[in-house]
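The values are calculated or read from the model by the stated rules, or taken from the named source; none is laboratory data. This structure is a prediction, so every number in the text was calculated from the model and none was measured. Here the Cβ is made from the backbone with ideal geometry for all residues, glycine too, and neighbour counts use every protein chain on show.
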Amino acid sequence: MRLMDSVLVDKLNAILDAQRKTVDSKDGVQGAILRELYEMETRLNSLRSEERDLEEYIKEYNTDDLVMLEELTFDEQWRFFQLNKDHSMNFPEQEHIIHKKNVLSENVEISKEQGGEGHNFWNIVYRRHSYEDGTLHAKLYTTRSSIHREKISENESKLSYLRSTLQRVENELAEYSSKHQSEMADIQKL
């Protein structure tokens, strides 16, 4: 995709250079009007492109899709002369809230649990059943929007400012076009 983008950017730059040379070849008032229109339309197109990029980022990352934060595992085989003791599994306090947890256990008894879904930490105390192999697997998930929260809010504020700038540039272009409508008609005849 990036290769395609670079090819398209190169083509666009070649077209813009050709247009710039055409505009520069015009003399006097017509050349000045064409240069001004060209600069306004170029700025407008770059603002629209930036607006699309910000909208795409927000659309892609501001979702409730689950993203795995951590995978914790415990596997212990039974041994003949082993004391059966309590074990703990900790997911220390993080900046992201746990939205979902999947816990699969076999021959393990969970005696104490703290945190989990809706919290930013998770701790459990568990014990393997006597005379059996014990297995405990836990996966903790959060949403994609939770991970990218800062960048999303930053892009939303940029997008708001960009849209007001875009509206202002569109108004300037419309005003400039209406002001120089007769000269533009003469240019189009050429």
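Kindly list, by first and then second residue, each pair from a residue in the range 138-154 that is farther than 15 Å from residue 66 by Cα to a residue that is among the small types (Gly, Ala, Ser), limited to pairs with Cβ atoms under 7 Å and residues at least 6 apart or on different chains.
152/145
Looking at (1) within 30 Å of residue 73 (Cβ to Cβ); (2) buried (at least 17 other Cβ atoms within 10 Å of the Cβ), which one does residue 149 not meet, given that it meets all the others?
(2)
When residues of the range 129-159 are filtered for being assigned to a strand (DSSP E or B) and aromatic (Phe, Trp, Tyr), how many remain? Even if it seems obvious, please write down each step before you answer.
Step one: of the range 129-159, the residues assigned to a strand (DSSP E or B) are 134-143.
Filter again for aromatic (Phe, Trp, Tyr), leaving 141.
So the count comes out to 1.
Keeping to the range 119-160, report how many residues are on the phi > 0 side of the Ramachandran plot and modelled with pLDDT of 90 or more. Reasoning before the result, please.
If we filter the range 119-160 for residues that are on the phi > 0 side of the Ramachandran plot, which is where we start, we get 131.
Then keep just the ones that are modelled with pLDDT of 90 or more; that gives none.
Total meeting the criteria: 0.
Return a yes/no flag: does the range 123-141 have any residue that is under 25 Å from the mean Cα position of the chain (by Cα) and exposed (fewer than 13 other Cβ atoms within 10 Å of the Cβ).
No; the residues of the range 123-141 include none that is under 25 Å from the mean Cα position of the chain (by Cα) and exposed (fewer than 13 other Cβ atoms within 10 Å of the Cβ).
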